[in-house]
Amino acid sequence: MSERVTIDIWSDVMCPWCLVGWGQLSRALETLEGEIDAEIRWLPFELNPDMPEEGEERTAHIARKYGRTMEQSHDVQGHMRAMAEEAGVSLDYSGGETPEPAAMMWNTFLAHKLLGWALATAGTEAQTRLKLALFAAHFHHRRKIGEAEVLLDIAAEEGFDRAEAAAALADEQLGQMIRMEERHAFDLNITGVPAMVVDGKFQIPGAQGAETYETELRRVVAKRAS
């Protein structure tokens with residue numbers, strides 16, 4: 001009989017390492033099938049909470065934020081793509097539009113509100129489905145996921161009620177809840193993402209390899225029995 005664990009993943013839709021971490025975690029859970037079963041919840045972390053509405057081009061953003069040259073910024077993105085391929089996911093554009101649209105960084109607060117609403121109203125599996133759709137919208141299709149109407153389009157495409165999703169984006173109380181969850185991340189000393197907290201106690205920081213996730217999840221289960 002498999003052991004049940006909860007995994008809270010603090011992440012941002014803009015974060016390539018969060019998608020890499022998800023790919024590696026998914027591989028680990030496939031290996032652990034029949035041994036460990038995970039309930040996954042996505043929690044909010046904004047990498048760029050002050051990002052303006054018009055967004056910022058990704059290469060320029062990396063160069064500015066981390067003090068790199070544009071060439072170094074391109075190199076960083078190349079490394080990320082290689083790590084994504086190793087994890088069984090992709091960061092590459094696949095929208096088919098010519099010329100390829102600019103890769104942008106957006107403000108993600110509304111996306112986090114949408115994900116919080118999805119979790120509260122539809123459960124963990126539906127929230128994960130929406131999270132992956134937002135990853136795809138950002139990395140693969142270059143959609144403007146800082147815009148409410150684009151988020152509502154994505155929600156509707158994933159089977160959510162558009163009017164209810166729109167009400168969620170306008171809900172001030174939901175916004176306050178998202179801010180509280182963001183503050184809770186800092187209370188847990190989470191300063192970068194992805195950060196996974198297993199059973200509310202055991203933190204696995206950063207995008208790890210599948211073997212590391214397997215080891216850590218087995219360790220959590222073993223500690224329960226001791």
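Taking the numbered list (1) within 21 Å of Ala155 (Cβ to Cβ); (2) surrounded by fewer than 19 Cβ atoms within 10 Å (Cβ to Cβ) in turn, Pro99 passes all entries but (1).
Residue check: is Phe135 modelled with pLDDT of 95 or more, under 22 Å from His74 (Cα atoms) and among the aromatic types (Phe, Trp, Tyr)? The answer is yes for Phe135. Scanning region 36-54 for residues that are among the hydrophobic types (A, V, I, L, M, F, W, C) and assigned to a strand (DSSP E or B) gives Ile36, Ala38, Ile40, Trp42, Leu43.
Restricting attention to region 108-133, the residues that are open to solvent by less than 40 Å² (accessible area, probe 1.4 Å) and either free of Cβ contacts under 8 Å to residues at least 60 places away in the same chain or of a type outside the set (Lys, Arg) (or both) total 16. Inside region 50-72, residues that are of a type in the set (S, T, N, Q) and surrounded by 12 or more Cβ atoms within 10 Å (Cβ to Cβ) make up a count of 2. The single condition among (1) of a type in the set (A, V, I, L, M, F, W, C); (2) open to solvent by 70 Å² or more (accessible area, probe 1.4 Å); (3) modelled with pLDDT of 95 or more that Met1 does not satisfy is (3).
In the set (1) more than 25 Å from Glu54 (Cβ to Cβ); (2) at pLDDT below 95, the condition left unmet by Gln127 is number (2).
Taking region 95-116 as the range and being among the small types (Gly, Ala, Ser) and closer than 19 Å to Arg129 by Cα as the test, the residues that pass are Ala111, Gly116.
Would it be correct to say that Arg142 is part of a helix (DSSP H, G or I) and either touching a residue at least 40 places away in the same chain (Cβ under 8 Å) or surrounded by fewer than 17 Cβ atoms within 10 Å (Cβ to Cβ) (or both)? Don't jump to the end; show me each part of the working.
On the way: part of a helix (DSSP H, G or I): no; either touching a residue at least 40 places away in the same chain (Cβ under 8 Å) or surrounded by fewer than 17 Cβ atoms within 10 Å (Cβ to Cβ) (or both): yes.
Taking the combined requirement at face value, the residue does not satisfy it.
Asp75 meets all of the listed conditions (1) closer than 19 Å to Val20 by Cα; (2) among the acidic types (Asp, Glu); (3) open to solvent by less than 60 Å² (accessible area, probe 1.4 Å) but one, namely (3).
Take the conditions more than 29 Å from Ala165 (Cβ to Cβ), out of contact with any His (no Cβ under 6 Å at 6 or more places or on another chain) and either among the hydrophobic types (A, V, I, L, M, F, W, C) or surrounded by 14 or more Cβ atoms within 10 Å (Cβ to Cβ) (or both) and apply them to Met104. Does it pass? For Met104, the condition - more than 29 Å from Ala165 (Cβ to Cβ), out of contact with any His (no Cβ under 6 Å at 6 or more places or on another chain) and either among the hydrophobic types (A, V, I, L, M, F, W, C) or surrounded by 14 or more Cβ atoms within 10 Å (Cβ to Cβ) (or both) - is not met.
Keeping to region 8-35, report how many residues are β-branched (Val, Ile, Thr), surrounded by 20 or more Cβ atoms within 10 Å (Cβ to Cβ) and not in a loop (DSSP other than H, G, I, E, B). Qualifying residue count for the region: 2.
The values are calculated or read from the model by the stated rules, or taken from the named source; none is laboratory data. Quick caveat: nothing in here was measured; it's all calculated off a predicted structure. Quick reminder, even Gly has a Cβ in these numbers, built from the backbone with ideal geometry, and neighbours come from all protein chains shown. Keep in mind that these areas ignore ligands, DNA and RNA; they rest on the heavy atoms of the full protein, side chains included. Shrake-Rupley method; radii C 1.70, N 1.55, O 1.52, S 1.80 Å.
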